[in-house]
Amino acid sequence: MRPAEGPGPPQASCTVDLDAIRENVAALRSRAGAAEVMAVVKADGYGHGLVPAAGAALDGGARSLGVSVLAEAFALRAAGVTVPVFAWLAAPGADFRRAIAENVDVAAYSVDQLAEISAAAAASGAPAAVHLKVDTGMWRGGATRDGWPGLVAAAHRAERDGLVEVAGVWSHLACADEPGHPGTARQLAAFAEAVEVARRAGLRPRQCHIANSAATLTLPESRFDLVRPGLAIYGLNPLDPDHDVPGLRLRPAMTLAARVAQTKRAPAGVGVSYGHRYTTTRPTTLAVVPLGYADGVPRAASERGRVLLSGRTYPVAGRVCMDQFMIDVNDAAVARGDAVVLYGPGDRGEPTALDWAHAAGTIAYEIVTRVGPRVPRIYLGERTRG
Ligand SMILES: *Cc1c(COP(=O)(O)O)cnc(C)c1O
């Protein structure tokens with residue numbers, strides 16, 4: 001549900017700075033060397049809006065778009081996006097015929113899945129563009145080292161039969177956000193070997209790719225032909241905060257804000273919100289903020305997440321409710337309707353999505369992807385497409 005546009009400013013808003021996304025992609029592109037940038041816009045563009053995020057990323061120099069499920073790829077096509085789109089996660093029964101018809105690249109993780117894609121191609125009368133996935137050590141999707149030669153051989157046969165075109169060979173890194181983790185070097189070596197196995201078997205994949213945001217930023221040897229940054233294009237750094245990337249300037253694109261719904265004076269000693277986990281210690285002013293866990297404000301950040309209000313930050317007082325939470329502003333002059341910023345780029349003193357992630361014991365990915373559909377997205381910056 002999206003709220004109807006009212007006469008006044010919205011009571012809560014998720015503002016997305018498209019110029020920031022464009023500039024972040026340009027910054028990543030300048031670090032990707034000769035590799036092409038595939039901007040990852042899965043999960044509604046990490047909560048920023050699928051089509052606007054895609055348009056801004058293409059304006060910033062991305063050449064293609066990566067999504068998880070086919071529905072996301074079809075939504076891009078329906079919006080008129082014509083650049084290459086790769087959708088990499090499908091359960092049996094996925095609409096591969098439509099993927100072929102709409103020129104969406106798909107992934108094959110196993111011989112069975114390749115057979116399903118090939119059957120769709122046979123029924124369509126046109127080949128499917130397939131990226132073969134090798135599991136180099138994350139133990140998520142893809143062929144294991146033992147299964148890889150079999151997948152490669154099946155793909156070679158399907159290519160000869162005109163059913164698939166092997167567009168790429170790819171994998172995913174488990175620990176790139178911890179630079180120096182020994183698992184990453186092992187995965188890169190396993191990937192190079194898998195590419196070699198594919199070439200020896202007669203495949204000529206155009207694009208080999210393994211790098212996510214963290215690898216794009218820290219591991220030149222992981223770039224191959226294409227990099228797949230997601231989080232960084234939205235201006236959030238996936239690396240451990242103590243790991244500095246010299247010269248890197250990313251700007252968080254999302255600002256989550258609301259307007260105070262009510263203020264009231266409370267005496268000392270009253271319990272606030274569910275469970276009365278917070279108790280006032282003096283006569284004070286409480287402000288009600290109309291955003292809750294249904295809007296993506298993590299309940300786990302109760303009493304720890306902070307907000308900016310009239311130039312000061314305050315922690316959440318008591319538990320985050322489904323639709324709202326309270327803050328204790330002491331004697332500050334706060335009125336109904338005043339702006340409260342939960343997080344943003346951080347340059348006006350507001351917390352960042354990373355601060356909220358720490359407060360909730362999670363990662364910034366989870367903070368931005370969970371902003372609910374009830375919060376209207378407001379777009380800033382030049383919108384040349386989408
Ligand atoms: C989500 C995802 C990415 C992007 O990861 P970031 O850490 O956000 O850069 C790249 N590749 C695959 C397969 C993914 O699932």
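For the stretch 254-380, what is the convex hull (Cα atoms) projected area averaged across all directions, in square nanometres?
It is 7.2 nm².
Please identify the chymotrypsin sites (Phe, Trp or Tyr not before Pro) of the stretch 134-233 that satisfy two criteria: DSSP loop assignment and at most 15 other Cβ atoms within 10 Å. Which are they? Present the calculation step by step, with values, prior to reporting the outcome.
Working: sites: 139, 170, 191, 224; in loops: 139, 224.
For chymotrypsin sites (Phe, Trp or Tyr not before Pro) across the stretch 134-233 that sit outside H, G, I, E and B with at most 15 neighbouring Cβ atoms in 10 Å, the list reads 139.
If N is the number of residues in the stretch 18-237, what value comes out of its Cα radius of gyration divided by 2.2 N^0.38 Å?
0.97
State the percentage of accessible surface on the stretch 1-118 attributable to carbon and sulfur atoms; use a 1.4 Å probe and exclude ligands, DNA and RNA.
54 percent
For the stretch 55-147, place one equal point scatterer on every Cα, skip the solvent, and apply the Debye formula. What is log10 of I(q)/I(0) at q = 0.16, 0.21, 0.24 Å⁻¹?
After summing over all Cα pairs, the log10 values are -0.67, -1.02, -1.20.
Give the residue list of trypsin sites (Lys or Arg not before Pro) in the stretch 49-129 that are DSSP loop and have at most 15 other beta-carbon atoms within 10 angstrom.
Listed in order of number, the matching sites are 63.
Highest mean first, what order results for 7-14, 45-52, 293-300 on Cβ atoms within 10 Å?
Put in order of decreasing packing, that is 45-52, 293-300, 7-14.
For residue 112 and residue 19, what is the calculated FRET efficiency with R₀ set at 41 Å and r taken between the beta-carbons, to the nearest 0.05?
That gives a FRET efficiency of 0.40.
Report the accessible area of residue 172, computed with a 1.4 Å probe over the heavy atoms of all protein chains in place, in Å² rounded to the nearest 10.
We get 40 Å² for residue 172.
So what is the calculated 222 nm ellipticity per residue for the chain, using -39500 (n - 2.57) for each DSSP H run with n of 4 or more, over all residues, to the nearest 500 deg cm²/dmol? Write down the numbers at each step before the final one.
Values: 11 runs with 110 residues, N = 386.
Computed ellipticity for the chain at 222 nm equals -8500 deg cm²/dmol.
HN-Hα J couplings of the stretch 168-181 from phi, Karplus 6.51/-1.76/1.60, θ = phi - 60°, integer Hz, Gly and Pro as x?
x, 10, 8, 7, 9, 8, 8, 10, 5, 6, 10, x, x, 4
Summarise the accessible area of the stretch 254-380 (1.4 Å probe, protein heavy atoms) by the percent that is carbon and sulfur.
Carbon and sulfur together cover 52 percent of it.
Between residue 143 and residues 5 or more places away or on another chain, which pairs have amide H atoms under 5 Å apart, with H built 1.01 Å from N, and which residues are they?
133, 134, 135
What's the local net charge at residue 276, with K and R +1, D and E -1, over the other residues with C-beta under 14 Å away?
My count for the surroundings of residue 276 gives 0.
Over the Cα atoms of the chain, what Rg and Dmax result, in angstrom?
Rg, Dmax (Cα atoms, Å): 23.5, 79.
The stretch 302-360 to the stretch 175-252: how many Å between their Cα centroids?
Centre-to-centre distance over Cα atoms comes out at 35 Å.
Under the rule a/c < 1.5 gives rounded, and otherwise a/b versus b/c splits prolate from oblate, where does the stretch 264-319 land using the Cα gyration tensor? Don't skip to the end; give the middle numbers.
Working: a/c = 1.98, a/b = 1.31, b/c = 1.51.
Since a/c reaches 1.5 but b/c is at least a/b, the shape of the stretch 264-319 is classed as oblate.
State the antiparallel share, in %, of DSSP beta bridges confined to the chain, rounding to the nearest 5. Provide the component values of the computation, followed by the final result.
Working: 29 of 59 bridges.
Antiparallel: roughly 50 percent of the beta bridges in the chain.
Suppose R0 equals 41 Å. What FRET efficiency, 1/(1 + (r/R0)^6) with r the Cβ-Cβ distance, do residue 145 and residue 374 give to the nearest 0.05?
Rounded to the nearest 0.05, the efficiency is 0.35.
How far is helix 182-200 tilted, in degrees, relative to the longest principal axis of the Cα atoms in the chain, given as a value from 0 to 90 rounded to the nearest 10?
30 degrees
Which residue, chosen from 66, 18, 154, occupies the Cα position most advanced towards the positive end of the dipole of the chain, where the dipole is computed from +1 (Lys, Arg) and -1 (Asp, Glu) charges on Cβ about the Cα centre?
My answer, from the dipole projection, is 18.
Let me make sure I get this right: for the stretch 215-269, a, b and c are the square roots of the gyration tensor eigenvalues over alpha carbons, sorted descending. Under 1.5 in a/c it's rounded, otherwise prolate if a/b > b/c, else oblate. Which is it?
prolate
Run the numbers on the stretch 18-237 and let me know its relative contact order in percent, using alpha-carbon pairs under 8 Å that are six or more apart.
21 percent
List the relative contact order of the chain as a percent without decimals, with contacts defined as Cα pairs under 8 Å and 6+ residues apart.
19 percent
Under 8 Å for C-alpha pairs, at least 6 residues apart: give me the relative contact order for the stretch 231-386, rounded to a whole percent.
Relative contact order of the stretch 231-386: 24 percent.
The values are calculated or read from the model by the stated rules, or taken from the named source; none is laboratory data. Since we're looking at a predicted model, the values are computed, not measured. Using ideal geometry, Cβ is built from the backbone for each residue, glycine included, and neighbour counts are taken over all protein chains shown. Protein only, heavy atoms only, side chains kept; ligands, DNA and RNA dropped before computing areas. Shrake-Rupley method; radii C 1.70, N 1.55, O 1.52, S 1.80 Å.
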